[in-house]
Amino acid sequence: MNLDLSEFLSVSDKKGHFDVPIEMEKFQTKRTSNRIADKSLVSIDFRNCGKKKVHMDASFSVTIIFPCDRCLEDISREFKVDVNKDIDLNLTDEDRIEQLDEITYINETYLDVEKFVYNELLVNLPMKVLCKNDCKGICNRCGVNLNSQSCDCDTNELDPRMSKILDIFNNFKEV
Ligand SMILES: [Zn+2]
Ligand SMILES: [Zn+2]
């Protein structure tokens, strides 16, 4: 949804509050697509702070389902986002690019709430998600989840590249 900020520009000390639903059902990046299990409304307050500037206080929470990086079990992570920002509407799109302003969700006097939510999630996204810090992962031979089951695979057997190095080492010892 786009919110028009122009009414906050024309009247000094003008304030306003919006509760905007989040439309996205999935959080998608170039490489991943994760289901959104739960989301709040985006609560946004605007306040005129003079000279074509609007102050924004926005907050929302989104729960995203990720596969654990080691065992692939689904885990849900809640992101609580709270942003306080001055939006300078004197800036043109070119100015923003020049100043490397991260605000990409403003178009003229409109704020694109969906884009804002997406951006905030993107910067908060973890590089790695583990179901627990000591997740044992899955057996790379039979594929069982080693957190809940054990298997009889010989996990002591070394990676072939590693055993070659060990052979060389042993041969060296025999000499
Ligand atoms: Zn795990
Ligand atoms: Zn196994």
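The values are calculated or read from the model by the stated rules, or taken from the named source; none is laboratory data. Bear in mind the structure is a predicted one, so any value in this text is a computation, not a measurement. In this analysis, Cβ positions are derived from the backbone assuming ideal geometry, glycine residues included, and neighbour counts consider all displayed protein chains. With ligands, DNA and RNA removed, areas are computed over all heavy atoms of the protein, side chains included. Shrake-Rupley method; radii C 1.70, N 1.55, O 1.52, S 1.80 Å.
Take the conditions in contact with a helix residue (DSSP H, G or I) (Cβ under 9 Å, 6 or more places away or on another chain) and open to solvent by 20 Å² or more (accessible area, probe 1.4 Å) and apply them to Arg77. Does it pass?
Criteria not met by Arg77.
Inspect all residues belonging to segment 146-161 and state whether any of them is in a helix (DSSP H, G or I) and either modelled with pLDDT of 85 or more or not assigned by TED's automatic domain parsing to the domain that holds Tyr105 (or both).
Yes: one or more hits.
Return the residue satisfying two criteria in turn: it lies in segment 90-125 and is surrounded by fewer than 11 Cβ atoms within 10 Å (Cβ to Cβ) and in contact (Cβ under 8 Å) with a residue 24 or more places away in the chain, and of such residues it is nearest to the chain's Cα centre (by Cα).
Top of the filtered list is Leu122.
Quick check on segment 128-147. Is at least one of its residues within 21 Å of Lys51 (Cβ to Cβ) and either of a type in the set (A, V, I, L, M) or more than 16 Å from ligand 2 (Cβ to nearest atom) (or both)?
Checked segment 128-147: no residue is within 21 Å of Lys51 (Cβ to Cβ) and either of a type in the set (A, V, I, L, M) or more than 16 Å from ligand 2 (Cβ to nearest atom) (or both).
Each row is one residue, and each column tells you yes or no for (1) under 11 Å from Val62 (Cα atoms); (2) hydroxyl-bearing (Ser, Thr, Tyr).
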{"site": "Asn2", "(1), (2)": "no, no"}
{"site": "Glu25", "(1), (2)": "yes, no"}
{"site": "Thr32", "(1), (2)": "no, yes"}
{"site": "Asp38", "(1), (2)": "yes, no"}
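Where in segment 1-57 are the strands (runs of 3 or more DSSP E), entirely inside, with at least 3 residues that are under 14 Å from Leu121 (Cα atoms) and open to solvent by 40 Å² or more (accessible area, probe 1.4 Å)?
On the way: elements: 2-4, 15-20, 26-28, 33-39, 42-48.
So the answer is 33-39.
Could you pull out the residue among Lys26, Lys51, Lys15 that is on the phi > 0 side of the Ramachandran plot and without any contact (Cβ under 8 Å) to a residue 40 or more places away in the chain?
The unique qualifying residue is Lys51.
Considering each of Asn140, Asn124, Asn133 in turn, give the residue that is farther than 30 Å from Asp154 by Cβ and of a type outside the set (D, E, K, R).
Values: Asn140 fails: farther than 30 Å from Asp154 by Cβ; Asn133 fails: farther than 30 Å from Asp154 by Cβ.
Exactly one residue qualifies, and that residue is Asn124.
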